[in-house]
Amino acid sequence: MMDQAEQSAWAALVKDLKVDQGHGVLGAGILIYDPHGGVVYEEGWFREEVSAEAKVLMHAVLSDVVLARTHRVDLDGHVFHVVENVYGNICAVGRRRKMGLISQRFSMGILVVMFRYPYTLQTAVPVVAKFGQRLRA
């Protein structure tokens, strides 16, 4: 279990993804894995809707840089179809494109952001990609 200081540090790090862009908060759910697949931070949709088993399975998918074998991510009945994979950073959309996942790899792990309508892949990707660049710097 993470101590309060670690939790606060991760919360401060991801605060930019929770900025209200005029249509509500961009990151409806935020999840951060350490390099070994342990969940070091979770909030929103990932904490409320996704089981621990589904998070373990999602890490296995996200850790496969090639993703040649995987074209979808299943999270407790929510199916996301991978539409883009750039060096293991994936973009995936859910049913009717009303929700989606974006992952960003960095030296300390993998960040996953879940977005919901009215945000789309086109509006969410630039924000998350810019955040990912900051993480990798």
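What follows draws every value from the coordinates through simple rules; no lab data is involved. As the structure is a computational prediction, the values presented were derived from the model and not from experiment. Note that each Cβ is placed from the backbone with ideal geometry, even for glycine, and that neighbours are counted across all protein chains shown.
Computed quantities for the displayed model
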quantity	calculated
Centre separation in Å (Cα based) which lies between region 107-137 and region 1-55	12
Cross-link partners of K130 among aspartates and glutamates (Cα-Cα below 13 Å; sequence separation of 8 or more within a chain)	D16
Computed magnitude of the charge dipole of region 30-136 (debye, nearest 20; Cβ of K, R +1, Cβ of D, E -1)	460
Principal axes of the chain: Cα extent on each, largest first, Å	38, 36, 30
